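Note sheet for the following structure.
The values are calculated or read from the model by the stated rules, or taken from the named source; none is laboratory data. Every value quoted in this text rests on a predicted model; they were computed, and no experiment measured them. Glycine also receives a Cβ, built like all others from the backbone with ideal geometry; neighbour counts cover every protein chain displayed.
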Ligand SMILES: Cc1cc2nc3c(=O)[nH]c(=O)nc-3n(C[C@H](O)[C@H](O)[C@H](O)COP(=O)(O)OP(=O)(O)OC[C@H]3O[C@@H](n4cnc5c(N)ncnc54)[C@H](O)[C@@H]3O)c2cc1C
């Protein structure tokens with residue numbers, strides 16, 4: 001069992017990302033009795049974020065504040081987090097399986113000379129052992145892993161482990177850790193977001209994804225309207241990206257993003273195996289396609305055979321009445 005688990009938090013534009021809370025919930029699943037210590041890094045005041053981390057289940061929080069931590073760099077963040085790990089000597093470390101998590105955690109694991117179970121979608125207990133479930137072969141199968149020695153080090157795929165209820169009566173210690181973050185060889189000059197400023201694709205609960213059937217960049221507009229009504233994000237097949245209907249940052253699939261929203265609406269997407277690799281574990285899949293034989297219907301929970309340019313506006317109007 002684990003006495004102390006470290007959860008590495010993540011923020012975007014100063015706002016804590018949901019993956020931080022999911023990682024806390026994951027840590028609780030590893031061992032509900034463990035002390036959970038949140039780690040937050042940044043260059044601004046993180047006290048309010050630290051309170052949120054405690055309200056969502058952490059017992060205390062360590063903040064590392066330094067000018068070199070304003071934006072994420074693997075050098076800066078690994079120095080900051082390693083210093084906290086050295087202080088705390090945790091039994092385990094948990095982080096979201098995000099772009100930052102995927103970059104930072106292997107580096108930390110290498111420094112710590114320990115293993116890492118990445119992209120965990122669930123954690124169950126077998127006696128006093130935590131069993132980590134993760135997809136393999138592009139989501140076609142799942143494997144179960146246990147850690148037999150060393151640190152419990154895992155990343156958790158966004159949108160899979162429900163966050164704990166926020167409880168603002170919770171309290172915990174918030175401490176600062178001085179770290180001399182130095183020798184940063186990469187400097188972030190500017191961050192240019194290609195995707196929309198709306199909901200982050202990998203964390204969205206609802207995704208409306210368009211394929212080559214959308215036919216043009218203009219054709220994506222009704223998809224954005226539907227996504228807006230549902231509070232979701234817009235994604236795309238590689239076919240749509242290759243055809244320059246949208247940016248590659250929206251691509252979902254084997255060579256794009258892997259997503260597991262509650263609702264995935266595939267619009268004019270044929271359902272190639274490489275696309276399914278990125279979305280087939282979505283909780284509910286709705287496919288809209290004019291070809292009744294399209295492969296996407298084989299993974300869909302609900303299928304609509306029809307012209308997307310007729311179906312999407314109708315769906316948007318209907319959802320406007322109920323959402
Ligand atoms: C190594 C490799 C990696 C790849 N990685 C990815 C990846 O990460 N993600 C990915 O998506 N693909 C990936 N691909 C490409 C993949 O094989 C497919 O080519 C691609 O997914 C097809 O995109 P699509 O479904 O939008 O287009 P199409 O296969 O052309 O399908 C378009 C669909 O739209 C329907 N349609 C057309 N008009 C309408 C209409 N008016 N109303 C309703 N339906 C309509 C058609 O019936 C058709 O089913 C990869 C391929 C390779 C070789």
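Within segment 296-313, is there a residue that is within 9 Å of the ligand (Cβ to nearest atom), in a loop (DSSP other than H, G, I, E, B) and either surrounded by 23 or more Cβ atoms within 10 Å (Cβ to Cβ) or free of Cβ contacts under 8 Å to residues at least 40 places away in the same chain (or both)?
Within segment 296-313, one or more residues are within 9 Å of the ligand (Cβ to nearest atom), in a loop (DSSP other than H, G, I, E, B) and either surrounded by 23 or more Cβ atoms within 10 Å (Cβ to Cβ) or free of Cβ contacts under 8 Å to residues at least 40 places away in the same chain (or both).
Would you mention how many residues in segment 85-103 are in a helix (DSSP H, G or I) and surrounded by 22 or more Cβ atoms within 10 Å (Cβ to Cβ)?
1
Can you tell which of 215, 221 is within 14 Å of the ligand (Cβ to nearest atom) and assigned by TED's automatic domain parsing to the domain that holds residue 290?
One residue alone meets the criteria, 215.
With (1) farther than 24 Å from residue 22 by Cα; (2) loosely packed, with under 14 Cβ neighbours inside 10 Å; (3) in contact (Cβ under 8 Å) with a residue 12 or more places away in the chain as the list, and residue 190 as the residue in question, which single condition is left unmet?
Going through the list (1) farther than 24 Å from residue 22 by Cα; (2) loosely packed, with under 14 Cβ neighbours inside 10 Å; (3) in contact (Cβ under 8 Å) with a residue 12 or more places away in the chain, residue 190 breaks only (3).
Can you find a residue in segment 84-93 that is in contact (Cβ under 8 Å) with a residue 60 or more places away in the chain and within 24 Å of residue 260 (Cβ to Cβ)?
yes
From the list 81, 62, 131, which one is assigned to a strand (DSSP E or B), in contact with a strand residue (DSSP E or B) (Cβ under 9 Å, 6 or more places away or on another chain) and in contact (Cβ under 8 Å) with a residue 24 or more places away in the chain?
Selected residue: 62, the only one of 81, 62, 131 that is assigned to a strand (DSSP E or B), in contact with a strand residue (DSSP E or B) (Cβ under 9 Å, 6 or more places away or on another chain) and in contact (Cβ under 8 Å) with a residue 24 or more places away in the chain.
Checking the condition closer than 24 Å to residue 159 by Cα and surrounded by fewer than 18 Cβ atoms within 10 Å (Cβ to Cβ), which residue from 290, 215, 283 passes?
Exactly one residue qualifies, and that residue is 283.
Tally time: how many residues in segment 247-270 are near the ligand (Cβ under 8 Å from one of its atoms), closer than 28 Å to residue 19 by Cβ and not in a strand (DSSP E or B)?
So the count comes out to 5.
Restricting the search to segment 271-295, which residues are outside any loop (DSSP other than H, G, I, E, B), more than 6 Å from the ligand (Cβ to nearest atom) and more than 23 Å from residue 222 (Cβ to Cβ)?
273, 276, 277, 295, listed by residue number.
List the number of the failed condition for residue 226; all other conditions in (1) in contact (Cβ under 8 Å) with a residue 60 or more places away in the chain; (2) under 19 Å from residue 312 (Cβ atoms); (3) within 12 Å of the ligand (Cβ to nearest atom) hold.
Status for residue 226: all satisfied but (3).
Are any residues in segment 230-246 within 19 Å of residue 206 (Cα to Cα) and more than 8 Å from the ligand (Cβ to nearest atom), and if so, which ones?
230, 231, 232, 233, 234, 235, 246
Please work out which one of (1) in a helix (DSSP H, G or I); (2) within 17 Å of the chain's Cα centre (by Cα); (3) within 8 Å of the ligand (Cβ to nearest atom) is the condition residue 202 fails and give its number.
Every condition holds for residue 202 apart from (3).
Just wondering, is there one or more residues in segment 65-77 that are modelled with pLDDT of 95 or more and buried (at least 24 other Cβ atoms within 10 Å of the Cβ)?
Yes, the conditions are met somewhere in segment 65-77.
Could you count how many residues in segment 1-16 are free of Cβ contacts under 8 Å to residues at least 60 places away in the same chain, in a loop (DSSP other than H, G, I, E, B) and touching a helix residue (DSSP H, G or I) at 6+ places or on another chain (Cβ under 6 Å)?
Looking only at that region, the number is 1.
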